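The values are calculated or read from the model by the stated rules, or taken from the named source; none is laboratory data. Owing to the predicted nature of the structure, the values given are computational and were not obtained by experimental measurement. Ideal geometry is used to build each Cβ from the backbone, glycine not excepted, and the neighbour counts take in all protein chains shown. For accessibility, only protein heavy atoms count, side chains too; no ligands or nucleic acids. Shrake-Rupley method; radii C 1.70, N 1.55, O 1.52, S 1.80 Å.
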Amino acid sequence: FTDLLPYYHHRVDSETFLWLAQRDGYHHLDLYHYDGTMIRPITRGDWLVVKPVAVDKDGGWVYFLAQSDTASPYDRHLCRAGLDGQGYQQLTETSGRHAVSLSPDFRYLIDNHSDANRPPGADLRRTHGTLIAELTHADISALDAMGYAPPERMMVKAADGKSDVSCALYTPPDFDPTLSYPVIEVIYGGPQWH
């Protein structure tokens, strides 16, 4: 699978395929017949599917990355849902973004995860989510020695005074809250599905 354009197609078998589309304002997966008939929705909710990872046809699962934790919009978790449209599960709980590799038999996965507030790590898990072992975590002692402080995540109100906007505040190592500092704003505009 590659990073997705706004629409996505993956063959499940000779008769059906998965389609990623925005029908309700969020990207979700639907199962279609090749004659163009929608069979059923696979995922739904006030969150979005970011990237399908794999389809376990024999087990009846589709694995995907999703922004499934609406309280933490930066996070991307590994999730799965049944091809029957049932059994949705978020399989990773560690905050941040996850990149996964599944074993060919869909029994195990390597979960590489990182977050701006902690060092990256990699874990070995069963595909239903159970942690088997922590494989590695980055050593950030050199950053700590330089006085690095992770960013502070926060919500601010947009110009309309109602809409929440997620942001992260980075401060210099010698930050003094009693002083004034210039603010450099970096935004990521464009379609927010990715």
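Take the alpha carbon gyration tensor of the chain, find the square roots of its eigenvalues, order them as a ≥ b ≥ c, and report rounded if a/c is under 1.5; if not, report prolate when a/b exceeds b/c, else oblate. Oblate is the answer for the chain, as a/c is 1.5 or above yet b/c matches or exceeds a/b. Heavy atoms of the protein only, probe of 1.4 Å, neighbouring chains included. What is the accessible area of K57 in Å², nearest 10? So the heavy atoms of K57 present about 110 Å² to solvent. Relative protection proxy for 138-150, 111-123, from highest mean packing down: 111-123, 138-150 (other beta-carbon atoms within 10 angstrom).
At 222 nm, what helix-only mean residue ellipticity would the chain give, in deg cm²/dmol to the nearest 500, using -39500 (n - 2.57) for each DSSP H run of four or more? If you can, show how the numbers build up before the last one.
Values: 1 runs with 5 residues, N = 194.
Here the helix-only value at 222 nm equals -500 deg cm²/dmol.
Sorting F106, F175 by solvent-accessible area of protein heavy atoms yields F175, F106, largest first, with a 1.4 Å probe. Rounded if a/c is under 1.5, else prolate if a/b is larger than b/c, else oblate: which is the range 120-194, with a ≥ b ≥ c the root eigenvalues of its Cα gyration tensor? Judged from the Cα gyration tensor, the range 120-194 comes out oblate (a/c at least 1.5, b/c at or above a/b). Taking the accessible area of the chain, probe 1.4 Å, and keeping the other protein chains in place, the carbon and sulfur fraction comes to 55%. Let me make sure I get this right: for the range 37-143, a, b and c are the square roots of the gyration tensor eigenvalues over alpha carbons, sorted descending. Under 1.5 in a/c it's rounded, otherwise prolate if a/b > b/c, else oblate. Which is it? Taking the square roots of the gyration eigenvalues as a ≥ b ≥ c, the range 37-143 is oblate. Each Cα pair under 8 Å and six or more residues apart adds its separation to the average, and for the chain the resulting relative contact order is 10 percent. E152 sits with roughly 100 Å² accessible to a 1.4 Å probe, with DNA, RNA and ligands left out of the calculation. Counting only protein chain heavy atoms and rolling a 1.4 Å probe, the accessible areas of D24, D56, D35 rank, largest first, as D35, D24, D56. Distant-in-sequence amide contacts of L83, defined by a placed amide H-H separation under 5 Å and a gap of 5 or more residues or a different chain, comprise W61, V62. For the range 17-67, the per residue solvent-accessible surface stands at 42 Å², with DNA, RNA and ligands left out and a 1.4 Å probe. Computed on protein heavy atoms with a 1.4 Å probe, the accessible areas place V156, V55 in the order V156, V55, largest first.
A probe of 1.4 angstrom, applied to the heavy atoms of all protein chains, finds H33 with accessible area near 60 square angstrom. Summarising the amide proton neighbourhood of L48: residues at separation of 5 or more, or on other chains, whose placed amide H is nearer than 5 Å comprise Q67.
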